[in-house]
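The values are calculated or read from the model by the stated rules, or taken from the named source; none is laboratory data. In this text the structure is predicted, and so the values were computed from the model without any measurement. Every residue, glycine as well, gets a Cβ built from its backbone with ideal geometry; the counts of neighbours run over all protein chains shown. Surface areas here come from the heavy atoms of the whole protein model, side chains and all, with no ligands, DNA or RNA. Shrake-Rupley method; radii C 1.70, N 1.55, O 1.52, S 1.80 Å.
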Amino acid sequence: MKKAIVNALLMLCAMSGWAQNAKDSICVFDGTLTNVPDGTEIWIRVPNTEERIGVCTGIPVTTVKDGKFHFERALEQGKSPYFRIGMLYSHSLRVELSPGMKTTITGDGMNPSLWTAVNDHPDQKEANIYKKFKREKLADYMAIESKMQMAYSGIYEDSTEVGKKSAIEVVRYYRSQLDPLKEEYFNIMYEFMKDRPFCYSYEYETTMLVDYAYQKKDEEKLEKCRKLYAKFPDDNSSFAISIKKELQPQYKSLEAGDQVKDFTLTDHDGKPHSILETLGKGKYLLLELAYKNCVGDKVSRPKEVLKELFSKYSDKLDIVTLTSGARDIFDSKDFPREEWLELGLNDMSSYDAINGTYFAWGERFVFIAPNGKILGKCDLDKLKEGMKKYFPFIVE
């Protein structure tokens, strides 16, 4: 009897501790927005730290009423200290925080990435310093980038500025407007960042600077980026994996003339497939890197071009799409299966390494001959050009 009473008391203490921990983990979000219609759903995207997936999908947690919203969400101890706040298929606002922290969000308009989150987390304070600096010193760049982000989300109005264009044409238009401003962006941001501490904003902006330096093949700028990269504490973060192949020769991705390196990933049904298995059919291969469950790819990915290519020439080529994300979302209405092979779902450990082997920053397609020789690579905008150049069976 005495033992039973002691066990019951211990259980009550444990339950009390669990309840207190659960209460302490609740994060509170209060938002005040202008030019956002009442009834607009606010979504939260929760990171999955074990597989680094899930930040592009999410759930609606509340709606805007009288320009305000409020919701609460638990953040477990030991999990990545951030959420992403936004709307369905829109860019999002990353909020750095700790369990039990209150965050105030303010913003104007339908682009959540331009909203501001205020709380006591040091990384969030640092993020707001970045945001304020960019608004003041790079106003023209930020204005165009915002329009491009909105176009990526499918939220834009036709105007004399862009005319009657498709969503992808609008994205390309604003991207072309950004290009002349990138040199100034690089120089200003490098000087701002070189003495700042490492945080998510530092990591993200370093990636943007590396992208520009790599595309320009500017060794002086790449060396500056190496100095920034030296502050990265984790060589295996998603951003680090993306950029170290541009900065460190030993991680350089495969190029035209190289032979493919074999890999094996699973399909929708968990069945493994190797790249050499696909090439063994004697066909050409188009290897695609896709972020199907992310906002930008819904607009900019040339899905119809790929479908037409496969429909016309499936006797001469195969397409393999490498994508990542929770497997169960890809059979939904918004993320249907492709007609060709999709690999990499939930295989993040090997997916990252394969991504680094085949794709440099900005590259999304690899053209491969039946003998496994890489013919060339390109980004989203150059797919049609690459098809004509590297696939001899395609004629005008």
Go through the range 100-114 and give me each residue that's surrounded by fewer than 18 Cβ atoms within 10 Å (Cβ to Cβ) and either under 15 Å from E41 (Cβ atoms) or in contact with a Ser or Thr (Cβ under 9 Å, 6 or more places away or on another chain) (or both). G100, T104, T106, D108, G109
Suppose we filter K245, K252, K216, K227 for residues that are within 30 Å of Y202 (Cα to Cα), crowded, with 20+ Cβ neighbours inside 10 Å and either basic (K, R) or in contact (Cβ under 8 Å) with a residue 60 or more places away in the chain (or both); which single one remains? K245
Criterion: within 27 Å of G372 (Cβ to Cβ), part of a strand (DSSP E or B) and among the hydrophobic types (A, V, I, L, M, F, W, C) - qualifying residue of L276, L265: L265
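I'd like the full set of residues that are closer than 22 Å to D381 by Cβ and either at pLDDT 95 or above or not in a helix (DSSP H, G or I) (or both), limited to the range 183-208. First the steps, then the outcome.
Pass one, the range 183-208, residues closer than 22 Å to D381 by Cβ: 183, 185-186, 207-208.
Across the range 183-208, the qualifying residues are E183, Y185, F186.
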Could you tell me whether any residue of the range 106-121 is in contact with a Phe, Trp or Tyr (Cβ under 6 Å, 6 or more places away or on another chain), at pLDDT 95 or above and of a type in the set (S, T, N, Q)? no
How many of the residues in the range 50-94 are closer than 16 Å to H121 by Cα, open to solvent by less than 50 Å² (accessible area, probe 1.4 Å) and either modelled with pLDDT of 95 or more or assigned to a loop (DSSP other than H, G, I, E, B) (or both)? 2
Quick check on my filter: what residues within the range 333-364 are at pLDDT 80 or above, of a type in the set (K, R) and open to solvent by 40 Å² or more (accessible area, probe 1.4 Å)? R337
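From F367, F330, F391, F310, which residue is buried (at least 16 other Cβ atoms within 10 Å of the Cβ) and modelled with pLDDT under 90? Outline the logic, then answer.
Numbers: F367 fails: modelled with pLDDT under 90; F391 fails: modelled with pLDDT under 90; F310 fails: modelled with pLDDT under 90.
It is F330.
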